[in-house]
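Every number in this text was worked out from the coordinates using simple rules, so none of it is lab data. This structure is a prediction, so every number in the text was calculated from the model and none was measured. Neighbour counts are summed over all protein chains in view; Cβ atoms, including those assigned to glycine, are modelled from backbone coordinates with ideal geometry.
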Amino acid sequence: MTLFDTYILVDWSASRVRKTGRDSIWVCRLGPGGETVENPPTRHEARLLLAEMLAEATAKGQRVVAGFDFPFGYPAGFAQRLGLAGTPWRAVWDEISRLIDDGQDNHNNRFAVAAGFNRRISGGAFPFWGCPAGQAGECLSPTHHHRHTADGLPEKRLIDEWMVGAQPCWKLAYTGSVGSQVLMGLPVVRALRDDRRWAACARVWPFETGLGLPDEARIVVAEVWPSWWKACAKLGPPNDKAQVRTVARIFAAADRGGTLAAWFSPDIGGADPRRVIEEEAWTLGVTAPRMRRRVSEAVTQAHLTRPQPSLGHPLHPMGGEGK
């Protein structure tokens, strides 16, 4: 008996224009009907696609885990420095969703929002950084400010310190600009989680579940970091496509093998669990510091390129791949 019926993996993008192919949005769904791979050109279309997938799974009584490749939280203290009341993670999600303007053509105001946050926190260009020259100003710089130690807001979350190569949430541009993906991704995840069609049974891990997996969570959304595992190149190109297909299969294999449940209850090394559960989040699949690719080494050859019998029939690309 597996925990989930359907596994959805999402590689996100903060592009300001419609974009497909490399460095764009890729969605892989793996479930009883096989594998579906989609490449929606905008976040608007991606949100509609994901809502359709969740609606279909809900109608069929399926349990779903959906992983998004960007952080779900910021380093501890961010909400307080913004002057937000309430549970820190939710207050931040609500504030970002209130301020972000994301058009149907992908045009967005993320740099202006980040500059506004900097103004509220420091009156200058801290803590967010990285932007095109035309977006630079008194409260946002193209280059790193190097002010985290002096200004008392950590550069990385606890989980970021565990993962080799993880980029900070404050970095908005250049290689590994995960900060822009957070600003453009959280409003979408919030909208999907709060959709009234399934809101009563949807949960954000670990914010709404604790470090566990309650039975009432029928749709579970979590952050993932596909680069934690080695992608199976033959499942691309591009690499983004290979990554979501690889990780979806790793999730399914771990579930069949009985090890997926432990991913939802990681040993956080003696840290205060409130820091993770109320504010910073955790990356699903990371169960020990600096142990990149250990899971994939155990399952890649056995599971990534052969049929998955527990899913009903061999995996195969279906309609929509490559669009």
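Got a sec? How would GLU280, GLU216 order by Cβ neighbour count within 10 Å, fewest to most?
GLU216, GLU280
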Quick check: the angle from helix 43-59's long axis to the longest principal axis of the chain, C-alpha only, nearest 10 degrees?
40
Rounded to two decimal places and with Rh computed the Kirkwood way over Cα pairs, what is Rg over Rh for segment 1-138?
1.03
Could you work out the relative contact order of segment 104-143? I mean the mean sequence separation of Cα pairs under 8 Å and 6+ apart, divided by the number of residues, in percent.
35
Crossing angle, helix 239-256 versus the chain [Cα axis fit, 0-90 degrees, rounded to tens]:
60
I need the Kirkwood Rh of segment 147-209: take the reciprocal of the average 1/r across all distinct C-alpha pairs and report it in angstrom.
13.9
Dividing the mean separation of Cα pairs under 8 Å (6+ apart) by the residue count of segment 49-130 yields a relative contact order in percent of 15
Taking neighbour Cβ counts within 10 Å as the exposure measure, how do ILE8, ILE96 sort from fewest upward?
ILE96, ILE8
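From the Cα gyration tensor of segment 14-89, with a ≥ b ≥ c the square roots of its eigenvalues, which class applies: rounded if a/c is under 1.5, or else prolate if a/b is larger than b/c, or else oblate?
oblate
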Residue order, fewest to most surrounding Cβ atoms within 10 angstrom, among MET163, MET184
MET163, MET184
Just to confirm the number: angle between the C-alpha axis of helix 294-303 and the first principal axis of the chain, 0 to 90 degrees, nearest 10?
30
Determine, at each q value in 0.13, 0.21 (inverse angstroms), the log₁₀ of I(q)/I(0) that the Debye formula gives when each Cα of segment 84-212 is one equal point scatterer.
-0.60, -1.40
Can you pull the Kirkwood radius for the chain, inverse mean 1/r over Cα pairs, to one decimal in Å?
19.9
When only alpha-carbon atoms are used, what values of Rg and Dmax, in angstrom, describe segment 216-288?
14.0, 41
Classified through the alpha carbon gyration tensor (a ≥ b ≥ c as square roots of its eigenvalues; rounded if a/c is under 1.5, else prolate when a/b is larger than b/c, else oblate), segment 175-269 comes out oblate
Relative contact order, percent, of the chain when contacts are C-alpha pairs under 8 Å separated by at least 6 residues?
26
In a Gaussian network model over the chain where Cα atoms closer than 10 Å are linked, find which of CYS232, CYS169, CYS28 has the largest mean-square fluctuation.
CYS232
